Amino acid sequence: MAVCDATSIALDGDAIVYAGPEGAHWRLPVADVKVIGEFTTRGTGEDHFLAFVADADGGWFQAPGSAAGLDRLLPALRLCPGTATPPGRANRAASGSRVLWPQELAGHELFEFRPDGVPARLGRSISQYLRPAPVDLQPTLVGESLALRPLRAADFDALYAVASDPLLWEQHPEPTRYQRPVFEGFFSGALASGGALAVLQRGSGKIIGTSRYYDWNAARREVAIGYTFIGRQHWGGAVNREMKRLMLQHAFDWADTVWFHVGRNNWRSRKALEKIGASYSHEVSRVVGDTVQPYVHYRISAAQWPEAGER
């Protein structure tokens, strides 16, 4: 879109009105505005635009950054007085975008771009904001060799048969979990959590471990995956990767970030997390039983997850 002196944008009553070159124009009721942002493109005479997202299907209206009246429009809208990020150049060096309003999304990527630098679709966070997927902490997930389903009280004996191996817990902050009374407490907590899953081999239907979604934060769209163990005969193979892949794919339908909380000295689990792309964030102290234990927190975002955009 070429720069044109006739290009203008203004608030007209309860609608935003744009007039552009060669008769181009649009009118958008303010009540229909869901998200406001800006973006830059490559290879055009006018590379800076303001965008107004009007529906959950990804439709948007745009006006060039040079449009007369743009500097007065956002204050006149009064959608977020005193909080909106001033328009600027989202990324002058290359194509890029950011949200200006609403405040809870400010700074997020507004668009995903085609290789030629033209917006292809709304960014993932924006799509989730406009049409949030239902949060399901106890799904049934099926992979090539594994099936994950909600943990049931009747699973105790089968799961304890796996957990009763002392070597399973030798690097864990609670190394006595192989003892039946200790495991009973763990199992009761898993059932009460509302997020625990049993991990089964698809061929045999045998339970080989468990994992859990927990600490869901709706405001920040974050969840944790943990309380995970699988039988030692499955260590070092594809089981953990497939289990985490299934759980991460599901989580990224409704979460932006997944956290993992691991005992600092549990190097086996830490290496496994690093293999799937999780990155170290920070260390905290947690009460485990009667002692305080150091834990490290790892995280992985939807943007980092290789398969997040391939579903």
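The values are calculated or read from the model by the stated rules, or taken from the named source; none is laboratory data. These figures come from a predicted structure and were not determined experimentally. Ideal geometry is used to build each Cβ from the backbone, glycine not excepted, and the neighbour counts take in all protein chains shown.
Among the residues making up the range 274-311, those that are at pLDDT below 85 and within 14 Å of ARG264 (Cβ to Cβ) are VAL288, THR291. Screening PRO150, PRO173 for residues that are out of contact with any helix residue (DSSP H, G or I) (no Cβ under 9 Å at 6 or more places or on another chain) and at pLDDT below 90 leaves exactly one candidate, PRO173.
Select from the range 29-48 the residues that are acidic (Asp, Glu) and at pLDDT 85 or above and list them in ascending order. If the condition is that a residue be acidic (Asp, Glu) and at pLDDT 85 or above, then ASP32, GLU38 are the ones that fit.
Table: residues versus (1) in contact (Cβ under 8 Å) with a residue 12 or more places away in the chain; (2) more than 28 Å from ILE126 (Cα to Cα).
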position	(1), (2)
ALA190	yes, yes
SER193	yes, yes
ARG220	yes, no
GLY237	no, yes
LYS244	yes, no
ALA251	yes, no
ARG270	yes, yes
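The criterion of at least 1 residues that are exposed (fewer than 15 other Cβ atoms within 10 Å of the Cβ) is met, among helices (runs of 4 or more DSSP H) falling completely within the range 86-195, by 156-163, 180-193. Given the criteria of a type outside the set (Gly, Ala, Ser) and in contact with a strand residue (DSSP E or B) (Cβ under 6 Å, 6 or more places away or on another chain), does ASP116 qualify? Judged against the criteria, ASP116 is not a match.
Looking at ARG212, ARG245, just one residue is under 27 Å from the mean Cα position of the chain (by Cα), of a type in the set (D, E, K, R) and outside any helix (DSSP H, G or I), and that residue is ARG212. Would you call ALA198 assigned to a strand (DSSP E or B) and either surrounded by 15 or more Cβ atoms within 10 Å (Cβ to Cβ) or not assigned by TED's automatic domain parsing to the domain that holds ALA224 (or both)? The answer is yes for ALA198.
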